[in-house]
Amino acid sequence: MTGTPGTAPVVIVGGGHAGFHVALFLREEGSDVPIVLVDRLDGPPVQRPPLSKAMLLSDTEPRLEFRKPEFYAARGITLLRDTAARIDRDRRVVRLGSGGSLGYRELVLATGCRARETTVPGSGLAGIRVLRVPDDARAVRDALAAARDVVVVGGGFIGLEAAAAARRRGCAVTVVESLPRVMQRVVSAGISGHFRALHEAQGVHVRTGTTVRAFRGDTRVRQVELADGTRIPADLVVLGIGVEPEAGLARECGLAVGDGVEVDGALRTSDPLISAVGDCASFPAGDGRRRRLESVQNAADQARVLAARLAGRTVPFDAVPWFWTEQFSAKLQIAGLLPDRETETVRLAGDDAFSVLHFHRGRLVAVESVNRPVDHVAARRLLAGEARLSPDDARDPQFRLSDAVAARTG
Ligand SMILES: Cc1cc2nc3c(=O)[nH]c(=O)nc-3n(C[C@H](O)[C@H](O)[C@H](O)COP(=O)(O)OP(=O)(O)OC[C@H]3O[C@@H](n4cnc5c(N)ncnc54)[C@H](O)[C@@H]3O)c2cc1C
């Protein structure tokens, strides 16, 4: 399949959260260009957040597909699945692993991330799993039904969600985290402490500040050996040690790549006919640094900006980042980004349901909410506007975030 630039499609490599939304929003923009969505996975595009949550908790599979196959057919979106891709920029074609090539008028890289691998001795043993694609989650879910001792390596969002699911399914669970506190890269110390206590109250053993020295077993993993020599029994190990951007395609064809595929504020790579969106894209953050975000919000918001540009409209990329995780009875929602530096914090009351407001130089920069969805929604609205809220305002016992939004918009 090839085409002259006039008839050639917009080709999107990577049909995950960002790739799917670029196609969807292009149609919503009224564009009728042919669209081809290429992915090495089989089946229609899927969402991933349930893979470490609902998918592990029950044998009834949650819905993962964004839309049924008929949706794509009806909108002139061709799905090329189960095929890898390579880029030939000189000829302006994508070469498909399944054979043939595809000319493009615009090429979008939405290749996401891959799970980070470990080189620790024994990491090739059976029973050691990652959570990235639906088949990974199915394998972990099936293994949980038979497992007694589960070790989760990595105390980030995905690791702790898997730990909570394993514990809920009756397994003995240990979390091993190399940093001093869980979720250290993404949440404040207070929230780390809250979630550690929550896990421990449910019987999860949390070991922070230590690393895995080896996985032990014959053909299957039987034990996890820590740096201090402690051996923890394990018939299932879930690795949640982070991800790396899938930037190989971009690197191979000579695009600028750092921590991800480098794009400008309009999501263009160093080749103006090629754009990148979602987890794989490293974009200018406005403070002179580059940033890469791993979240469905970022994937969908960048897709919206890119689809508008491809349809001839300019929309600025200035969305407020937000994230969430669900562990046991707690839903944590974060609006904004916590700066590396110390922040002045104000806690809005409650033990199991509370919010922590972070101020930097007197400005609200992020809000962490535990089981307070109303605060989270208000925080996103405040951060999207001129967040004129002082720490002293927030310390008033009568203060509510939703009132601050009403005052700003009223
Ligand atoms: C288990 C799990 C739980 C998560 N939970 C949350 C959550 O609670 N909240 C949240 O905001 N985010 C969550 N995320 C992250 C979120 O899913 C990602 O940020 C989002 O999917 C990013 O979208 P993307 O399109 O950039 O990448 P992806 O959705 O990963 O899609 C990338 C696609 O590109 C394809 N691909 C890659 N290379 C090639 C190639 N060379 N040829 C063809 N196809 C290729 C891949 O097969 C994949 O389908 C979770 C992720 C995982 C794995």
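Computed values, structure above
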| quantity | calculated |
| --- | --- |
| Residue check, ALA73 of a type in the set (A, V, I, L, M), away from the ligand (no atom under 15 Å from the Cβ), assigned by TED's automatic domain parsing to the domain that holds LEU306 and under 18 Å from GLY15 (Cα atoms) | yes |
| Residue satisfying condition, being surrounded by 20 or more Cβ atoms within 10 Å (Cβ to Cβ), in a helix (DSSP H, G or I) and in contact with a Gly (Cβ under 7 Å, 6 or more places away or on another chain), within set ALA23, ALA8, ALA18 | ALA18 |
| Residue in region 177-192 that is within 18 Å of SER52 (Cα to Cα) and at pLDDT below 95 present | yes |
| Residue under evaluation GLY112, criteria (1) within 22 Å of GLY254 (Cα to Cα); (2) within 14 Å of the ligand (Cβ to nearest atom); (3) in contact with a strand residue (DSSP E or B) (Cβ under 6 Å, 6 or more places away or on another chain); (4) not aliphatic (A, V, I, L, M), criterion not met | (3) |
| Which listed residue is loosely packed, with under 14 Cβ neighbours inside 10 Å and either within 12 Å of the ligand (Cβ to nearest atom) or part of a strand (DSSP E or B) (or both), from ASP90, ASP59, ASP82 | ASP82 |
| Residue count, region 292-313 (criterion: away from the ligand (no atom under 13 Å from the Cβ) and either out of contact with any helix residue (DSSP H, G or I) (no Cβ under 7 Å at 6 or more places or on another chain) or closer than 30 Å to SER58 by Cα (or both)) | 5 |
| Selection count where residues are part of a loop (DSSP other than H, G, I, E, B), away from the ligand (no atom under 16 Å from the Cβ) and free of Cβ contacts under 8 Å to residues at least 60 places away in the same chain, scope region 219-262 | 5 |
| Given (1) hydrophobic (A, V, I, L, M, F, W, C); (2) under 30 Å from VAL10 (Cα atoms); (3) in the same structural domain as ASP228 (by TED's automatic domain parsing), number of the condition LEU109 does not satisfy | (3) |
| Hey, SER98 away from the ligand (no atom under 16 Å from the Cβ), part of a loop (DSSP other than H, G, I, E, B) and small (Gly, Ala, Ser) or not | no |
| Some residue of region 272-281 being away from the ligand (no atom under 15 Å from the Cβ) and within 27 Å of ARG91 (Cβ to Cβ) | yes |
| All positions within region 64-85 that are more than 22 Å from ALA307 (Cβ to Cβ) and at pLDDT 95 or above | LEU64 |
| Number of positions in region 164-205 that are among the polar types (S, T, N, Q) and surrounded by 19 or more Cβ atoms within 10 Å (Cβ to Cβ) | 3 |
| Subset tally (residues that are assigned to a loop (DSSP other than H, G, I, E, B), crowded, with 17+ Cβ neighbours inside 10 Å and either without any contact (Cβ under 8 Å) to a residue 24 or more places away in the chain or more than 8 Å from the ligand (Cβ to nearest atom) (or both)) for region 40-55 | 1 |
| Residue count for region 118-150, restricted to those that are part of a helix (DSSP H, G or I), buried (at least 18 other Cβ atoms within 10 Å of the Cβ) and more than 11 Å from the ligand (Cβ to nearest atom) | 3 |
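The values are calculated or read from the model by the stated rules, or taken from the named source; none is laboratory data. This structure is a prediction, so every number in the text was calculated from the model and none was measured. Every residue, glycine among them, receives a Cβ derived from its backbone with ideal geometry; neighbour counts consider all protein chains shown.
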